[in-house]
Amino acid sequence: MKKIFLSTLVLLLSTTVFGQIRTDEYNARENPDNTITLTRYSAKATEVAVPHFIDGKIVTAIGRIEPNLFFGEYVFNNKRLTRAIIPNSVRIIGNSAFANNRLTEITLPADLKGIGHYAFRGNRITSVTIPENVILIELFAFQDNPISTLTLFSSFATSGSGFSGPFSGCPITRLTIPANMESVTMERNFEEALVIFWKLQGQAGGTYVKRGSEWTLEQRSNRMGTPLAQITRAELEQISGTSLLGFLDTDSTRMTEINVEKDDYSARGNPDYTMTITQYSGKDRDVVIPAVINGSTVSAIGRIETNLLRGEFVFNSKRLNSAVIPNNIRIIGNSTFSNNRLSEITLPEALEEIGYYAFRGNRIRSLTIPEGVTVIEPYAFQSNPLATLTILAPFTTSGAGNTGPFFGCPITRLTIPSDMSDVIMERNFEASLVTFWKNQRRAGGTYVKTRNTWSLE
């Protein structure tokens, strides 16, 4: 059987009928732009060089990406391949295109844009580099491969939700990523220990290495990839048809046709056409957070997750001395401002929710919680020398026990409304204050601690 090599420009015995093309090794179809999509490989060779041209037309796709994980042409699926050379003209590798083979390595083309569901599932690949132009990698694309070394040049979009990312379950011990990697990409693909360590490093770019059970940052890098927010709906739909619609419309990862104006920020669109800031990549230690990005109001900084250690950690460990938060912010997510040097903070009047560890580990001494705040999650202000606190309205907190947002703070002056609940008082403040407050018939007002004695001022 004759093989087709990468440099071959001569067609093997082809016929074209209604856009369908056949050679003695491949079936293909002609695309509207006069390029070619391979649809079937019928030969027996286990080492293949995918043709660059068929019938004088350039090959741009191997199969197609479908919304249903199990649909598609499965071009090289289960062909016992041990080696495959993919030409640089290929922009799309479809669902299960190379699944269930014996490939130990693969070089992806520089112009590749999209990789389908299960595209390389069930091979023996140990190392892979994802080119910078790739903007879509679908579910389980590299599942069941012993991949230990992975290099990503940019974040990428994935449909679905949860731990169904293309690299989920791969035993990665060496990961190289850009400096503007998105939290949603990290959380859906990599083990929790790595994600936490990455966030504690200020979401730094570079090479992360696992030794035993511990992760280290071997080398930092300031190299930036394409921000996820710059991937447009039109681009995704061109690659995958409707396969991204579920992804586009979910609350936490909705993509819109946006370009973030602020060089230091990454953001995503929300269903109400506001923006959530997801990453800060600047170096300034005094920040004024933008109220508007690309013409849309910024309503959130990060997101609140039920898992305390998940979220975008937008300004975590950025050595901030001051931060001005715009008045339109309604949500401040998990660990958003944690581990900085903030000595004061003015919370916006529109604020409604504050996430776990949001301001943990700063130098805040005085704070007012606006009346509109209804949720403050555990440990939000832990490890601050907070002495003066004003709460304008009751709030709720998840969890139980001594995990309140202000628990452990050395408060000596507390102003509260008359409708504070026992559970909020008990979960946040020292027993002597709670007892005194109850003895005052739970009165609202300003409570002051002088030496070891509380009084109602």
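Basic (Lys, Arg), closer than 22 Å to residue 178 by Cα and more than 15 Å from the chain's Cα centre (by Cα): is that true of residue 285 in this structure?
When the stated conditions are applied, residue 285 passes them.
Quick one: residue 28 ticks every box in (1) farther than 21 Å from residue 114 by Cβ; (2) aliphatic (A, V, I, L, M); (3) at pLDDT 90 or above except a single one, so which number is it?
With respect to (1) farther than 21 Å from residue 114 by Cβ; (2) aliphatic (A, V, I, L, M); (3) at pLDDT 90 or above, residue 28 is out only on (1).
Quick check on residue 180: is it at pLDDT 75 or above, buried (at least 22 other Cβ atoms within 10 Å of the Cβ), of a type outside the set (Val, Ile, Thr) and under 27 Å from residue 319 (Cα atoms)?
So residue 180 passes the test.
Within the stretch 113-133, can you find the residues that are within 18 Å of residue 235 (Cβ to Cβ) and surrounded by fewer than 24 Cβ atoms within 10 Å (Cβ to Cβ)?
113, 130, 131, 132, 133
Please go through (1) in contact with a Pro (Cβ under 9 Å, 6 or more places away or on another chain); (2) surrounded by fewer than 18 Cβ atoms within 10 Å (Cβ to Cβ); (3) not in a strand (DSSP E or B) for residue 107 and return the number of the only condition it doesn't satisfy.
Just one mismatch for residue 107, condition (1).
Please find, within the stretch 168-192, the residue that is farthest from residue 311 (Cα to Cα) out of those that are polar (S, T, N, Q), part of a loop (DSSP other than H, G, I, E, B) and in contact with a helix residue (DSSP H, G or I) (Cβ under 9 Å, 6 or more places away or on another chain).
That would be 168.
Checking residue 165 against (1) of a type outside the set (Phe, Trp, Tyr); (2) over 15 Å from residue 135 (Cα atoms); (3) without any contact (Cβ under 8 Å) to a residue 40 or more places away in the chain; (4) part of a loop (DSSP other than H, G, I, E, B), only one condition comes out false. Which one?
Going through the list (1) of a type outside the set (Phe, Trp, Tyr); (2) over 15 Å from residue 135 (Cα atoms); (3) without any contact (Cβ under 8 Å) to a residue 40 or more places away in the chain; (4) part of a loop (DSSP other than H, G, I, E, B), residue 165 breaks only (2).
Looking at this structure, is residue 339 surrounded by fewer than 24 Cβ atoms within 10 Å (Cβ to Cβ) and either over 16 Å from the mean Cα position of the chain (by Cα) or of a type in the set (Asp, Glu) (or both)?
It is true that residue 339 is surrounded by fewer than 24 Cβ atoms within 10 Å (Cβ to Cβ) and either over 16 Å from the mean Cα position of the chain (by Cα) or of a type in the set (Asp, Glu) (or both).
If I filter the stretch 307-331 down to residues being small (Gly, Ala, Ser) and over 17 Å from residue 276 (Cβ atoms), which single residue comes out as surrounded by the most Cβ atoms within 10 Å (Cβ to Cβ)?
Filtering first and then ranking leaves 317.
Look at residue 352 and say whether it is without any contact (Cβ under 8 Å) to a residue 24 or more places away in the chain, under 20 Å from residue 290 (Cα atoms) and either under 33 Å from the mean Cα position of the chain (by Cα) or crowded, with 21+ Cβ neighbours inside 10 Å (or both).
So residue 352 passes the test.
Can we say residue 174 is closer than 21 Å to residue 126 by Cβ and either in the same structural domain as residue 213 (by TED's automatic domain parsing) or touching a Leu at 6+ places or on another chain (Cβ under 6 Å) (or both)?
Yes, satisfied.
Residue check: is residue 433 buried (at least 16 other Cβ atoms within 10 Å of the Cβ), touching a Phe, Trp or Tyr at 6+ places or on another chain (Cβ under 6 Å) and at pLDDT 95 or above?
no
Exactly one condition in (1) touching a Pro at 6+ places or on another chain (Cβ under 8 Å); (2) aromatic (Phe, Trp, Tyr); (3) free of Cβ contacts under 8 Å to residues at least 40 places away in the same chain is not met by residue 140; state its number.
Of (1) touching a Pro at 6+ places or on another chain (Cβ under 8 Å); (2) aromatic (Phe, Trp, Tyr); (3) free of Cβ contacts under 8 Å to residues at least 40 places away in the same chain, only one is false for residue 140: (3).
For the stretch 312-333, give me each residue that is farther than 22 Å from residue 285 by Cβ and either in contact with an Asp or Glu (Cβ under 8 Å, 6 or more places away or on another chain) or not assigned by TED's automatic domain parsing to the domain that holds residue 372 (or both).
Across the stretch 312-333, the qualifying residues are 327, 330, 331.
Can you spot a residue in the stretch 393-412 that is closer than 24 Å to residue 200 by Cα and modelled with pLDDT of 95 or more?
no
With respect to the numbered conditions (1) over 24 Å from residue 207 (Cα atoms); (2) in contact with a strand residue (DSSP E or B) (Cβ under 7 Å, 6 or more places away or on another chain); (3) among the hydrophobic types (A, V, I, L, M, F, W, C); (4) not in a strand (DSSP E or B), which one is the sole condition not fulfilled by residue 84?
For residue 84, the failing item is (4).
Select from the stretch 59-93 the residues that are surrounded by 16 or more Cβ atoms within 10 Å (Cβ to Cβ), farther than 20 Å from residue 145 by Cα and in contact with a Pro (Cβ under 9 Å, 6 or more places away or on another chain) and list them in ascending order.
Correct list: 59, 87, 89, 90, 91.
The values are calculated or read from the model by the stated rules, or taken from the named source; none is laboratory data. Remember, it's a predicted structure, so these values are computed and weren't measured experimentally. For neighbour counting, all protein chains shown are included, and Cβ atoms are generated from backbone atoms with ideal geometry for every residue, glycine included.
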